[in-house]
Amino acid sequence: MKVALGSDHGGYSLKVEIIKHLESKNIEFKDFGTYTEESCDYPDYAEKVAVEVSNKNYDFGILICGTGIGISISANKVPGIRAALCHDTFSAHATREHNDANILAMGERVVGPGLAIDIVDTFLNSQFEGDRHARRVNKITEIEKKYCK
Ligand code: RB5
């Protein structure tokens, strides 16, 4: 499994904790920035990670900003991306099982590192259930095709 990571300054510290965790689990990843706590713009990092995931260079993305909101909204503008903002483990497995989410977004100012790491593990270890959920995900793709020129 290959994971693409990104954050703005507001998510930088939590991203560092997640990187340590992925290293401890021998999960392959690349950090697409930001690399310091200097103020920056979350859409820049959302786009880098979302394009990598959309192009299937990585299986999943993890994006973190202060709230997780701006970075998830930005990632969802890239065709093929289903970025889910999750601050609990129920949402983390449900969005994999039902929405086939390919990016997990979180907010460093919302969730502590212990819970965030549980959310990451839950997201990465859950499987899409297909069946009726596939029909619904296909409808998301149809909306995307209709409106994203
Ligand atoms: C940065 O201050 C903050 O606005 C950003 O990290 C994020 O919370 C936006 O949605």
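Overview of values
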{"quantity": "Candidate set from segment 117-132 (those that are of a type outside the set (D, E, K, R), surrounded by fewer than 16 Cβ atoms within 10 Å (Cβ to Cβ) and at pLDDT 95 or above); member that is farthest from I64 (Cα to Cα)", "calculated": "Q127"}
{"quantity": "From the options I71, I81, residue that is assigned to a loop (DSSP other than H, G, I, E, B), under 20 Å from D31 (Cβ atoms) and at pLDDT 95 or above", "calculated": "I81"}
{"quantity": "Filtered residues of segment 62-84 (kept if within 10 Å of the ligand (Cβ to nearest atom), surrounded by 23 or more Cβ atoms within 10 Å (Cβ to Cβ) and of a type outside the set (V, I, T))", "calculated": "C65, G68, S72, S74"}
{"quantity": "Check on T34, within 15 Å of the ligand (Cβ to nearest atom) and in contact with a Cys (Cβ under 6 Å, 6 or more places away or on another chain)", "calculated": "yes"}
{"quantity": "Criterion violated by R135 - all others in (1) exposed (fewer than 10 other Cβ atoms within 10 Å of the Cβ); (2) in contact with a Leu (Cβ under 6 Å, 6 or more places away or on another chain) satisfied", "calculated": "(2)"}
{"quantity": "Some residue of segment 26-38 being more than 23 Å from R109 (Cβ to Cβ) and in contact (Cβ under 8 Å) with a residue 40 or more places away in the chain", "calculated": "yes"}
{"quantity": "Residue within segment 106-116 that is away from the ligand (no atom under 16 Å from the Cβ), hydrophobic (A, V, I, L, M, F, W, C) and surrounded by fewer than 23 Cβ atoms within 10 Å (Cβ to Cβ) present", "calculated": "yes"}
{"quantity": "Where a residue in segment 61-83 is without any contact (Cβ under 8 Å) to a residue 40 or more places away in the chain and its partner, wherever it lies, is among the charged types (D, E, K, R) and within 15 Å of the ligand (Cβ to nearest atom), with Cβ under 7 Å and at least six apart", "calculated": "S74/E47; V78/E47"}
{"quantity": "Residue that is farthest from the chain's Cα centre (by Cα) [pool: residues in segment 85-105 that are surrounded by fewer than 21 Cβ atoms within 10 Å (Cβ to Cβ) and outside any helix (DSSP H, G or I)]", "calculated": "D88"}
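The values are calculated or read from the model by the stated rules, or taken from the named source; none is laboratory data. Note that this is a predicted model, so its numbers are computed, not measured. Here the Cβ is made from the backbone with ideal geometry for all residues, glycine too, and neighbour counts use every protein chain on show.
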